[in-house]
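So the structure is just underneath, and the comments pick up after that.
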Amino acid sequence: MTKTRRDFLAATGMGLVGAAVVAESAVHAHTDGVGTPGAQQAPTQVPAGMPPAFGTAQPVGPEVSVETLTEAQKLVQVEWNKRDLEQAAGSWRVNMAPLYERRVGPRKAELQEGLAPWSRWDPVLPGKKAGPERDWFVRSSAEAGPLPADEEDIAFATVTQLSRWIETRKLSSERLTNIYLKRLEEFNPKLRCVITLTSELALAQAKQADREIAAGKYRGPLHGIPWGAKDLLDTAGIATTYGAEPLRKRVPTTDAAVVKKLNEAGAVLVAKLSLAACGASLDSGAKKIV
């Protein structure tokens, strides 16, 4: 016959109580001298980091009363008799000790940061390499085509096209940056995609990119390309709020790794983009613009 959830929880609860009763009985048998005389042995040293066995630990955690368990029964729809409740309350701090130790300590062995695991599983065959090589970049060979006359067409061009136009100096980073800044100012009141518009910084970075490219110092495909950072990426000297009201005035002193790498690539930061508080993105509109 199929059991109801109530039957299952009741059976499970009784099983736990039964285990507690067995553990308690074993303790009484040991302490009351029941069994072969002289069988009592000194406790074995517990290996470092190992939690105690069920029902054998020193009592830890808060006291639990029969009244507490009686109220808790209402949550899981289980009904224990008085003896079960008394047994569970009396052994709770012993039987729950391993769980408390995993959550809050004490730790019997302190693991230092950077400590390697005792073993390492590597599926790569001897003599073979896994994954892409680092700093390996293959640029598309597709032609960018002629530079559009309409600024809106430029705004919606691919990064591949934009980077080729900037590299060949058909399009300046300063002009492209101004196109995006203008569109952000125009559409942000409706889309609400920007938290902080970094116009001054963006134009300074764009002018620097144009100077470097003119001097023959081209850093790569992202050189002079405007971009927007979700406002959970730290930007030195620029507010990074995580979209949360309490962090409205938070200004980090260092750049996040992503920001640092894009700065090194010569990219141009035009805005810090909105997101839900401390999490999900709301910047889909910004992606269409920028």
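For (1) part of a helix (DSSP H, G or I); (2) closer than 24 Å to residue 257 by Cα; (3) among the β-branched types (Val, Ile, Thr), each residue gets a yes or a no:
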position: 176; (1), (2), (3): yes, no, no
position: 189; (1), (2), (3): yes, no, no
position: 216; (1), (2), (3): no, no, no
position: 222; (1), (2), (3): no, yes, no
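For residues that are basic (Lys, Arg), in a helix (DSSP H, G or I) and modelled with pLDDT under 75, tally how many sit in segment 90-109.
Start the filter on segment 90-109 by keeping residues that are basic (Lys, Arg), which leaves 93, 102-103, 107-108.
Among the residues that remain, those that are also in a helix (DSSP H, G or I) are: 93, 102-103.
Subsequent filtering for residues that are modelled with pLDDT under 75 retains 102-103.
Residues flagged as basic (Lys, Arg), in a helix (DSSP H, G or I) and modelled with pLDDT under 75 within segment 90-109 amount to 2.
Restricting attention to segment 188-217, the residues being of a type outside the set (Val, Ile, Thr), more than 15 Å from residue 274 (Cβ to Cβ) and buried (at least 18 other Cβ atoms within 10 Å of the Cβ) number 5. Does residue 210 satisfy the condition of being in the same structural domain as residue 182 (by TED's automatic domain parsing) and modelled with pLDDT of 95 or more? Criteria met by residue 210.
Any residue that is aromatic (Phe, Trp, Tyr) and either more than 13 Å from residue 220 (Cα to Cα) or part of a loop (DSSP other than H, G, I, E, B) (or both) - is there at least one of those in segment 134-145? I'd like the intermediate steps shown before the answer.
Within segment 134-145, the subset aromatic (Phe, Trp, Tyr) is 136-137.
Those still in the list that are either more than 13 Å from residue 220 (Cα to Cα) or part of a loop (DSSP other than H, G, I, E, B) (or both) too: 136-137.
Taking every residue of segment 134-145 in turn, at least one turns out to be aromatic (Phe, Trp, Tyr) and either more than 13 Å from residue 220 (Cα to Cα) or part of a loop (DSSP other than H, G, I, E, B) (or both).
Every residue in segment 124-143 that is surrounded by 10 or more Cβ atoms within 10 Å (Cβ to Cβ) and either in the same structural domain as residue 158 (by TED's automatic domain parsing) or without any contact (Cβ under 8 Å) to a residue 24 or more places away in the chain (or both), please. Result: 140, 142.
Name every residue in segment 226-281 that is in a strand (DSSP E or B) and either touching a residue at least 60 places away in the same chain (Cβ under 8 Å) or surrounded by 21 or more Cβ atoms within 10 Å (Cβ to Cβ) (or both), in order of residue number. Residues satisfying the conditions are 226, 227, 228, 229, 235, 268, 269, 270, 271, 272, 273. Restricting 112, 73, 87 to those that are more than 22 Å from residue 59 (Cα to Cα), assigned by TED's automatic domain parsing to the domain that holds residue 55 and at pLDDT 70 or above reduces the list to 73.
The values are calculated or read from the model by the stated rules, or taken from the named source; none is laboratory data. Please read these numbers as outputs of a predicted model, since none were measured by experiment. Backbone-built Cβ (ideal geometry, glycine too); neighbour counts: all protein chains shown.
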